[in-house]
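Notes follow once the structure below has been shown.
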Amino acid sequence: MSRWLQAPLYLGLIVAQGIYVWQFWRELVHLMSMMTLEKPVTETELMLIVLGLIDVVMISNLLVMVIVGGWETFVSRMGLKNHPDQPEWLSHVNAGVLKVKLATAIIGISSIHLLKTFINAPDTSESTLMWQTLIHMAFVLSAMAIAFTEKLLSQAHQPAPH
C-alpha cells in the first residue's frame, strides 16, 4: 500500500503540466501580438520565441512520460492494454526503459536551451557558453551510461541461447 503514497506526487505533476499549458498559450498569444506590431519582428526574435514554445512542449512531453510511465511502473496498472489511447511506448516500459527515455528527453530539452544560448551568443559570456556546453555534454554522457547499463542488465536477464 505504500506505493499509493506516490499518487499525490503524480497528481502534482499533472498540475505542473497544466501550468506549462498555460505558459505555452501565454507565449503563443505574446508571439501573435508581436506580429501585429508596426515594428517588424526579426528572424532571431521569432526563432527564440518558437524555440521557447518547443521547449515548453518538450517539457510537457517529459511530464507525460514521468506521470504515465511512473504511475504504471510504480503505483498501479492503468488497464490500457489494447485501448486506442495507449501510448505505444507504454507497452514495453519498465523502470530501466523509463530512465533511458527520461535521459534522452532531458538531452532534447538541454539541446533547445543550448541552441537558444548559441543564437544569443553575442549577448552571452564565454563562461556561460562553456558551462552550458559542458552541462549538456554531461547529460549526453550520463544518458549513454544509463543506456549502456540498461543494455547490460537486460542482456543479463535474458536466458542464454542453447
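Each value in this text was obtained by applying a stated rule to the coordinates, not by laboratory testing. Bear in mind the structure is a predicted one, so any value in this text is a computation, not a measurement. We place every Cβ from the backbone using ideal geometry, glycine too, and count neighbours over all the protein chains shown.
One table, with the values for the structure above:
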| quantity | calculated |
| --- | --- |
| Among (1) 22.7; (2) 15.5; (3) 18.7, the entry derived from the coordinates for Kirkwood radius over Cα pairs in Å | (3) |
| Positive-end residue of ILE54, LEU152, LEU102, charge dipole of the chain with Cβ unit charges | LEU152 |
| Top of ALA103, ALA147, ALA121 by mean-square fluctuation, Gaussian network on the chain, Cα under 10 Å | ALA121 |
| Which of LEU28, HIS136, VAL15, positive extreme of dipole for the chain (C-beta unit charges) | VAL15 |
| Efficiency of FRET between ILE107 and ILE49 - r from beta-carbon atoms, R0 22 angstrom, step 0.05 | 0.45 |
| Nearest-ten-degree value, helix 95-119 long axis tilted from longest Cα axis of the chain | 10 |
| Inter-site label distance for PHE118 and LYS99 at 7 Å from Cα along Cβ, in nm | 3.0 |
| Most mobile listed residue (ILE54, ILE67, ILE19) in the chain, GNM with C-alpha springs under 10 Å | ILE19 |
| Rough spin-label spacing in nm, given labels placed 7 Å along Cα→Cβ, for ARG26 and ALA145 | 3.6 |
| Residue with peak Gaussian network fluctuation, the chain [Cα springs, cutoff 10 Å], from PHE24, PHE139, PHE118 | PHE118 |
| Dipole moment magnitude, nearest 20 debye, the chain about Cα centre, only Lys, Arg, Asp, Glu C-beta charged | 660 |
| GluC sites (Glu not before Pro) restricted to region 21-59 and DSSP loop, no more than 16 other C-beta within 10 Å | GLU38 |
